[in-house]
Amino acid sequence: MVRAPIQLPKWLRGLLWGLLLIGVVTFLVEARGPNRLRAWQTFLVNFLFFSGMAQGGLVFAAAYDLTRARWGEAVRRLAQGMAAFLPVSLLLFLCLFPGSPILFPWVLNPIPEKQTWLNLPFLFSRDLLGLLALYSFGLTYLFCSLRPEIGAAVDQQRGHVPRLWALFTREWRGIEAERERNHRLLAILSPLFIIFYALVFSLLGFDLVMSLDRHFVSSLFGAYFFMSSFYVGLAGIALFAVFLRRPLGLEGSIGRSQFHDLGKLLFGFCLVAGDFFWSQYAVIWYGNLPEETEYVIVRTKEMPWAPLALVVLIVSFLGPFLLLLSRRIKEHPMTLAAVASLIVVGMWLERFLLVVPSLWHKPGLPLGWIELFITSGFLAAFVLTYLAFVTRLPIPASALSPLGEARGEAR
């Protein structure tokens, strides 16, 4: 059986649209006033954070297909929904261009030895082309992955077929032929997409974060950036799995076993992201590299950033590591959601710590209502696009299977 998901409450949509409006108005007003630096740096932090989360969700789905996993078909479906934010992410990237003189110090004060690489036309051209290619690749993968599921829903649908469903099923050749074609395509697309994700997000880390500091250079930074983005994506998947399984009728296919598996993935990538974080810090600090040490000193030794760096270390890495050692915490939905929420908050602060100290040179920590409202707008946009996905596309039979069938079937 394939069925369309249940519509979510109207009050929730109203709340999200209200938060989005507040975020947009706050940014537009503050970006033209005396707080324009705070507005633009918060915009950049949120672009990096939510784009990474969305891409991380789709990378998880691709990795799930690549490994031919069967432990969580419903979890995979929820992860796919995060790709709905990618077109919005592309538009938000274009919105960064007007703020480039405020965000990138080398625009007004070029660095002679880096001018070939760090110039505005070249930077935005290569990043835009990279994002266009990556997002097109990802959405193509998503289309191929969803086509058999939506085709099965159309075959069962009596009467009017939604226009979006019809778009996915043009030139439909029958469910068996489509599934066979789908398996062949995903076997090629999944690994290429994951590799391309690592390349493009490494480039974004170099261009949109590392370049904010005139002298900071780290060959490991790109790897840390794309790996930590995937870590954030896993935390987002865990939150959606906890809070949407009941409204979407997925209690039968997302249970203790699936939460435990998600918790193990979070634990594993907490270790991986933390290892990249520590490896970068250790090489810079103990190597006493003059060009890179200042970047670390500012964030770990100087006020007001030092306390925030400690919070990031505890909330993003040490805390989740210790909590996820417990099987009970991983298996219980609400405790897993609490840990995932810690990771989301901690990694947002981590992105803030990567970006803002390179730009903000005034006293005090620039965290207040401006940052809160703009971030709320980004969060609302992310959730609205996600809900548009899960409420308009059918949930396939594989995601509705009882736990034993979902784990035991072979793809």
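Laboratory data are not the source of any read-out in this text; all were calculated from the coordinates shown. A quick note: this is a predicted structure, and the numbers were derived from the prediction, not measured. All Cβ positions, even for glycine, are placed from backbone atoms using ideal geometry, and neighbour counts span all protein chains on display.
Using a Gaussian network model of the chain with C-alpha springs under 10 Å, which one of Gln115, Gln55, Gln258 is most mobile by mean-square fluctuation?
The residue that fluctuates most here is Gln115.
Starting from the Cα of Leu325, step 7 Å along the direction of its Cβ; do the same at Glu251; then give the gap between the two resulting points in nm.
Reported label-point gap for Leu325 and Glu251 is 3.4 nm.
May I ask you to derive the relative contact order of the stretch 10-408, considering only C-alpha pairs under 8 Å and at least 6 residues apart, and to give it as an integer percent?
Working: 484 pairs, mean separation 127.0, N = 399.
The value is 32 percent.
If neighbour count is taken as other Cβ atoms inside 10 Å, put Met347, Met303 in order from fewest to most.
Details: Met347 23, Met303 10.
Going from sparsest to densest Cβ surroundings: Met303, Met347.
Just grab the label-to-label distance for Val296 and Leu372, each label 7 Å out from Cα along the Cβ direction, in nm (one decimal).
My value for the distance between the label points is 3.5 nm.
Between Trp117, Trp40, Trp17, where does the largest GNM mean-square fluctuation fall for the chain, given springs only between Cα atoms within less than 10 Å?
Trp117
Restricting to Cα atoms and excluding each atom paired with itself, what does the Kirkwood estimate give for the stretch 10-408 in Å? Let's see the in-between values first.
On the way: mean 1/r = 0.0452 Å⁻¹.
For the stretch 10-408, the Kirkwood estimate is 22.1 Å.
Take the Cα of Leu129, step 7 Å along the line toward its Cβ, and report every residue of the stretch 204-237 whose backbone nitrogen sits under 19 Å from that point.
Once the point is set 7 Å along Cα→Cβ of Leu129, 204-208 turn out to lie under 19 Å by backbone N, inside the stretch 204-237.
If I build a Gaussian network model for the chain, linking alpha-carbon pairs within less than 10 angstrom, which residue out of Arg179, Arg76, Arg38 has the largest mean-square fluctuation?
Arg179
What's the exposure ranking of Trp71, Trp305, going from fewest to most Cβ atoms within 10 Å? If you can, show how the numbers build up before the last one.
Details: Trp71 17, Trp305 20.
Fewest-to-most Cβ neighbours within 10 Å comes out as Trp71, Trp305.
Mean residue ellipticity at 222 nm from the helices of the chain, using -39,500 (n - 2.57) per DSSP H segment of n ≥ 4 over the full residue count, to the nearest 500 deg cm²/dmol? It would help to have the intermediate numbers written out before the result.
Details: 19 runs with 293 residues, N = 411.
Calculated at 222 nm, the ellipticity per residue is -23500 deg cm²/dmol.
Most exposed first by the Cβ proxy, i.e. fewest other Cβ within 10 Å, how do His361, His215 rank? Don't jump to the answer; show the numbers that get you there.
On the way: His361 7, His215 12.
Going from sparsest to densest Cβ surroundings: His361, His215.
Once you place label points 7 Å from the Cα toward the Cβ at Val24 and Thr140, how far apart are they in nm?
3.2 nm
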